[in-house]
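Engineer: Supplied in structure tokens, the structure appears directly below.
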Amino acid sequence: MNTFFLKVISSDKVFYEGKCQNLILPIEDGQFSVLAHHENMVVAVENGELHLKTPEGEWITAAVSQGFAEIINNRVSVLVNSAERPEEIDVKRAEEARQRAQERLRHKQSIQEYYLSQASLARAMTRLKTSKDKNWNI
Amino acid sequence: MANARELKERMASIQETKKITNAMYLISSSKMKQAKKKLADTEPFFYAMQAEITRILRHVPDMHSHFFDRRERIPAEDRKIGCIVITADKGLAGAYNHNVLKMAEELIRQPGKHKMFVLGEVGRHYFSKREDELDSEFKYTVQDPNLYRARVIAAKMVELFEAGEVDDVYIIYTRMINALQAETQKIKLLPLQRINFASDKMAAMAGVYREAVTLYPSAHKVMDSIVPNYLIGIIYGCLVESYCSEQNSRMQAMQNATDSATDMLNELNITYNRVRQADITQELTEVIGGANAQKRK
């Protein structure tokens, strides 16, 4: 199967660097799959689950937060603020973050604060979801 | 010459101070190690972000995003200029704070209405008497930079920019060149400047064929997602760089202090020995003198 070069960089580490067969990104209206020799594109990535298939056919899942992916000349760079493997996720912390965010959403707050709480709720939910289905596969 | 007891006291007090500075040196060197690790972790992201933005802008030349709006109609005197200033939470870090504040002062002297968003106690204290320039609600610590803080700061800046509360946003931070050198720098965050991203190399490539890039779902959507993220990334990077430089310069300052304390102690020790010797000699002469006088009787 054809492969392309993929680099997933989060703000605190290089999450993945190497060849990849298939990359699935979470975007605003669903999921976005990238195969080898994809059209040149820049895609806005949303909070959600990222899946990538290594040349060996193994799937790697990660919970990612907002960022973007750039596909140019069969090279893909994904730049996101955070990327975590399911086993790295601290479920307790994510659960606490979810509760905190929900609590904050109940209070009256400015639009900016509302968006921030909403975003942190989305991040927490993604983490929880990713940590639950560890054996993701197509 | 001071007497022996006074010298002894002085040496004891210097010894105490030396202990403190040495402890501070150790603390900041351990913090420095953590900060350096963080810096090394975040550097790929920091540079990749800048490189990617440059690339995207090169491939998508005609982009109309409000983040590029330079608001040229507003004359220089009326421009509202926001500036994030990253200082330390405490002093004793050599010229670190001084350099940052000097650069902030330089910016203030330029025409326009300035608003300072100061991080760190030292900077806040410095600007506290000038309430019209300091945003007093902007209270964040610089200890242990994390993404959450960068996110909140970036969100605030974007909001202010979109609301027209500020027309330009700068950030003043300290970049670590190597273990010995740090440099205070000023970056313009908003509006995005195309020149900023297009380096000299890019200019040479002007004639090169540019492939078209599709932006999905839409150019606006992508820009609206990329720019705040870019800001978060840059602000986080700046926070980490500054934190690292701060610990570094504190480490150096404390090492210098410890070194000069050692020098002072050495000097005082020599003086003390001389004084002691002089005292003994004097006493001896007195005793001998006394004995001689007794003999002559």
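Engineer: A:Tyr16: accessible area at probe 1.4 Å, nearest 10 Å²?
Structural biologist: So the heavy atoms of A:Tyr16 present about 40 Å² to solvent.
Engineer: With a 1.4 Å probe on protein heavy atoms only, work out how much accessible surface B and A bury together, total over both chains, in Å² to the nearest 100.
Structural biologist: Buried surface at the B/A interface: approximately 2700 Å².
Engineer: OK, next. Residue by residue through the range B:180-188, what is 3J(HN,Hα) from phi via Karplus (6.51 cos²θ - 1.76 cosθ + 1.60, θ = phi - 60°)? Round to whole Hz and write x for glycine and proline.
Structural biologist: Per residue, the Karplus-derived 3J(HN,Hα) values read 9, 10, 9, 9, 7, 10, 10, 10, 8 Hz.
Engineer: Net charge within 14 Å of B:Pro217 by Cβ-Cβ distance, Lys/Arg positive one each and Asp/Glu negative one each, not counting B:Pro217 itself?
Structural biologist: So the environment of B:Pro217 carries a net charge of -3.
Engineer: Next up: For a quick check of understanding: with a 1.4 angstrom probe and all protein chains in place, what accessible area in square angstrom does B:Val166 have, to the nearest ten?
Structural biologist: Probe radius 1.4 Å; accessible area of B:Val166 about 10 Å².
Engineer: Distance check, please: which entries in A:Lys7/B:Lys80; A:Lys92/B:Lys38; B:Lys33/B:Lys80; B:Lys90/B:Lys113 exceed 32 angstrom between their Cα atoms?
Structural biologist: A:Lys7/B:Lys80; B:Lys33/B:Lys80
Engineer: Give, rounded to the nearest 20 debye, the magnitude of the charge dipole that the range A:4-84 has about its Cα centre when Lys and Arg contribute +1 at Cβ and Asp and Glu contribute -1 at Cβ.
Structural biologist: Its charge dipole is roughly 300 debye.
Engineer: Once amide H atoms are placed 1.01 Å from N in the peptide plane, what residues at a sequence separation of 5 or more from B:Leu215, or on another chain, have their amide H within under 5 Å of its amide H?
Structural biologist: Amide H neighbours of B:Leu215: A:Val42.
Engineer: Starting from the Kirkwood Rh over alpha-carbon pairs, what translational D in µm² s⁻¹ does the protein assembly as shown have by Stokes-Einstein at 10 °C and 1.306 mPa s?
Structural biologist: Estimated diffusion coefficient is 63 µm²/s.
Engineer: Right, here's the next one. Work out the charge dipole of the protein assembly as shown with +1 on the Cβ of Lys and Arg and -1 on the Cβ of Asp and Glu about the Cα centre, then indicate which of B:Gln277, B:Ser249, B:Leu134 is farthest towards its positive end.
Structural biologist: Among B:Gln277, B:Ser249, B:Leu134, the one farthest towards the positive end of the dipole of the protein assembly as shown is B:Gln277.
Engineer: Please compute the net charge surrounding A:Thr3, taking Lys and Arg as +1 and Asp and Glu as -1 over other residues with Cβ under 10 Å from its Cβ.
Structural biologist: Summing Lys/Arg as +1 and Asp/Glu as -1 gives +2.
Engineer: Each residue of the range B:141-158 in turn: what ³J(HN,Hα) in whole Hz from Karplus with 6.51, -1.76, 1.60 and θ = phi - 60°, glycine and Pro shown as x?
Structural biologist: For the range B:141-158, the Karplus curve yields 8, 9, 5, 6, x, 9, 5, 4, 4, 4, 5, 5, 5, 4, 4, 5, 5, 4 Hz.
Engineer: What ranking of A:Tyr115, B:Tyr140, B:Tyr173 comes out by heavy-atom accessible area, probe 1.4 Å, highest first?
Structural biologist: Accessible-area ranking of A:Tyr115, B:Tyr140, B:Tyr173, largest first: A:Tyr115, B:Tyr140, B:Tyr173.
Engineer: Can you give the charge dipole size of the range B:66-144 about its Cα centre, rounded to the nearest 20 debye, using +1 on the beta carbon of Lys and Arg and -1 on the beta carbon of Asp and Glu?
Structural biologist: 160 debye
Engineer: How large is the accessible surface per residue of the protein assembly as shown, computed with a 1.4 Å probe and reported in Å² as a whole number?
Structural biologist: 53 Å²
Engineer: Once phi is turned into ³J(HN,Hα) by the Karplus curve 6.51 cos²θ - 1.76 cosθ + 1.60 with θ = phi - 60°, what whole-Hz value does each residue of the range B:262-268 show in order, with x for glycine and proline?
Structural biologist: With the stated coefficients, the range B:262-268 comes to 4, 4, 4, 4, 4, 4, 5 Hz.
Engineer: Related question: Might you report the magnitude of the Cβ-based charge dipole of chain B about its Cα centre, with Lys and Arg at +1 and Asp and Glu at -1, to the nearest 20 debye?
Structural biologist: Approximately 900 debye in magnitude.
Engineer: Take the alpha carbon atoms of the range B:18-88, find their center, do the same for the range A:80-126, and report the distance between the two centers in whole angstrom.
Structural biologist: 25 Å
Engineer: Provide a whole-number value for the mean count of partner chain Cβ atoms within 10 Å of the Cβ atoms in peptide A:82-88.
Structural biologist: 0
Engineer: A follow-up question, please. Mind checking which of B:Pro44, B:Ile74, B:Leu7 is farthest towards the positive end of the range B:1-139's charge dipole, using Cβ charges of +1 (Lys, Arg) and -1 (Asp, Glu) about the Cα centre?
Structural biologist: B:Leu7
Engineer: Here's another thing I want to ask about it. Counting only helical runs of four or more DSSP H residues, what would the 222 nm mean residue ellipticity of the protein assembly as shown come to if each run contributes -39,500 (n - 2.57) and the total is spread over all its residues?
Structural biologist: Value at 222 nm, helices only: -18000 deg cm²/dmol.
Engineer: At a 1.4 Å probe radius, which order do B:Thr281, B:Thr214, B:Thr87 fall into by accessible area, largest first?
Structural biologist: B:Thr281, B:Thr214, B:Thr87
The values are calculated or read from the model by the stated rules, or taken from the named source; none is laboratory data. Bear in mind that the values here come from a model prediction, so they are computed numbers and not experimental data. Backbone-built Cβ (ideal geometry, glycine too); neighbour counts: all protein chains shown. When the accessible area is computed, the model is the full protein with side chains, heavy atoms only, and any ligands, DNA or RNA have been set aside. Shrake-Rupley method; radii C 1.70, N 1.55, O 1.52, S 1.80 Å.
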